[in-house]
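A.B. asks: Let me begin by handing over the structure; questions about it come next.
The values are calculated or read from the model by the stated rules, or taken from the named source; none is laboratory data. In this text the structure is predicted, and so the values were computed from the model without any measurement. Here the Cβ is made from the backbone with ideal geometry for all residues, glycine too, and neighbour counts use every protein chain on show.
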Amino acid sequence: MIEIFNFFLQRDRSECTTMTITNGDVKSETCNNGFSVKKPFRIFVGYDPREDLAYQVCRHSITKRSSIPVEIIPIVQSDLRKKGLYWRERGQLESTEFSFSRFLTPHLSDYDGWAMFVDCDFLYLADIKQLTDLIDDKYAIMCVQHDYAPKETTKMDGAVQTVYPRKNWSSMVLYNCGHPKNKTLNPETVNTQTGAFLHRFQWLEDEEIGSIPFVWNFLEGHNRVVEKDPTTQPKAVHYTRGGPWFDAWKDCEFADLWYNEMEDYSKENKKEADKAN
Ligand SMILES: [Mn+2]
C-alpha cells in the first residue's frame, strides 16, 4: 500500500513544480500551464517521511469536505534544503522534520494573502470554508490558543515531549502573509532563531494574534467533547501524542474516524489508479 502512496507522491512531484494538489475544477497558478484563474486557499501541511500516510489522510480529509478551492502544499524539508531555503541543523528536541520549516509559510506564499500551516497529524471533519470565514485582516496570525501542559514525557515513536508556553499553538496557524510583521519570518530568521522565538510567536505583540475556537485544533487525549454541547464537537482532531498510523496509538481516541478516512482515501486512490491504467 505504501508503494501506491509513494507513486502518487512522485507523480504529483513531476507534474507540478511545487507539488501541489488541488480539488474541484479550479487549478492553481503553478499547475495551470501559464494562465491564472481564481487563487485557491493555500494550505501548507508539515510533511515527515515517517508519517507519509498521516499526510495523505489529512490532505484527503481537507479536500473531500472543502466547498472552496484549496491548494495543498506539503512542507518537505529535503526539498527546502535543495532550494536553499532551509539549512539549520536538526536539534534533538525536534520531534518532526517540520518543527522549524513550518515558519517559512509566509515566505513560501510570497508574503501575499492568507495561508494556513497545519501538522500532518490532523484529521478534518468539517468544511475548511468555515475556518476561512473566521479570518480577520486585523491580525497577523490566528490560531487556537491552548492552555496546555501535556502529561506524557514522550510522544509518537519515543521523541521527547517538551513543555513550553503556547504549547501547540504553532501546530495550526492561519498566516496573514501580507502583514508587515510577518516579513520577519524570512529564511534567515527561520534558520537561525530559537525555538522559543518562533513557537511562541515572539515577533508579534499579543493583540496581533487572533483566536480560533479550540474545536479546530482538538487535542486528542486532552480536549473533551461535552455531551449535548455542539460547540465542543471537533472540526479537526489533532493526534498530537501520535495517531493510529503508529502501532502504539492504534486504539487512541477518535482512531475509528481516522481509519474510516484512511479507507476512503485508499478507495479513492485505487479509483484514480484504475482510471490511469
Ligand atoms: Mn502535531
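A.B. asks: What number goes with the only condition from (1) within 14 Å of the ligand (Cβ to nearest atom); (2) among the polar types (S, T, N, Q); (3) modelled with pLDDT under 95 that Thr153 does not pass?
C.D. replies: (1)
A.B. asks: Now a separate question. I'd like the full set of residues that are in contact with a Phe, Trp or Tyr (Cβ under 7 Å, 6 or more places away or on another chain) and part of a loop (DSSP other than H, G, I, E, B), limited to the stretch 210-238.
C.D. replies: The answer is Glu220, His222, Asn223, Pro234, Lys235.
A.B. asks: Kindly provide the set of residues from the stretch 235-274 that are touching a residue at least 60 places away in the same chain (Cβ under 8 Å) and of a type in the set (Ser, Thr, Tyr), ordered by number.
C.D. replies: Tyr239, Thr240, Tyr265, Ser266
A.B. asks: Same structure, new question: Could you check the stretch 119-134 and list, in sequence order, the residues that are touching a helix residue (DSSP H, G or I) at 6+ places or on another chain (Cβ under 7 Å) and of a type in the set (Val, Ile, Thr)?
C.D. replies: Matches in the stretch 119-134: Ile128 only.
A.B. asks: State whether one or more residues within the stretch 70-89 are modelled with pLDDT under 95 and not in a helix (DSSP H, G or I).
C.D. replies: For the stretch 70-89, residues modelled with pLDDT under 95 and not in a helix (DSSP H, G or I): present.
A.B. asks: Also, quick follow-up: Determine whether Leu108 is in contact with a Pro (Cβ under 8 Å, 6 or more places away or on another chain) and either among the hydrophobic types (A, V, I, L, M, F, W, C) or more than 20 Å from Gln56 (Cα to Cα) (or both).
C.D. replies: Judged against the criteria, Leu108 is not a match.
A.B. asks: Gln92 is checked against (1) surrounded by fewer than 16 Cβ atoms within 10 Å (Cβ to Cβ); (2) touching an Asp or Glu at 6+ places or on another chain (Cβ under 8 Å) and fails just one. What number does that condition carry?
C.D. replies: It is condition (2) that Gln92 fails.
A.B. asks: Just one of the numbered conditions (1) charged (D, E, K, R); (2) surrounded by 15 or more Cβ atoms within 10 Å (Cβ to Cβ); (3) not in a loop (DSSP other than H, G, I, E, B) is not true of Glu207; which one?
C.D. replies: Of everything listed in (1) charged (D, E, K, R); (2) surrounded by 15 or more Cβ atoms within 10 Å (Cβ to Cβ); (3) not in a loop (DSSP other than H, G, I, E, B), Glu207 misses just condition (2).
A.B. asks: May I ask you to list the residues in the stretch 216-234 that are within 16 Å of the ligand (Cβ to nearest atom), surrounded by fewer than 21 Cβ atoms within 10 Å (Cβ to Cβ) and either among the basic types (Lys, Arg) or under 21 Å from Gln130 (Cβ atoms) (or both)?
C.D. replies: Result: Asn223, single match.
A.B. asks: Restricting the search to the stretch 65-121, which residues are within 16 Å of the ligand (Cβ to nearest atom), under 16 Å from Gln193 (Cβ atoms) and of a type in the set (A, V, I, L, M)?
C.D. replies: Within the stretch 65-121, Leu93 is the sole residue that qualifies.
A.B. asks: Okay, moving on. Is there any pair with a first residue in the stretch 170-181 that is closer than 15 Å to Glu205 by Cα and a second that is within 16 Å of the ligand (Cβ to nearest atom) whose Cβ atoms are under 8 Å apart and which are 6 or more apart or on different chains, and what are they?
C.D. replies: Tyr175/Thr105; Tyr175/Met116; Tyr175/Phe117
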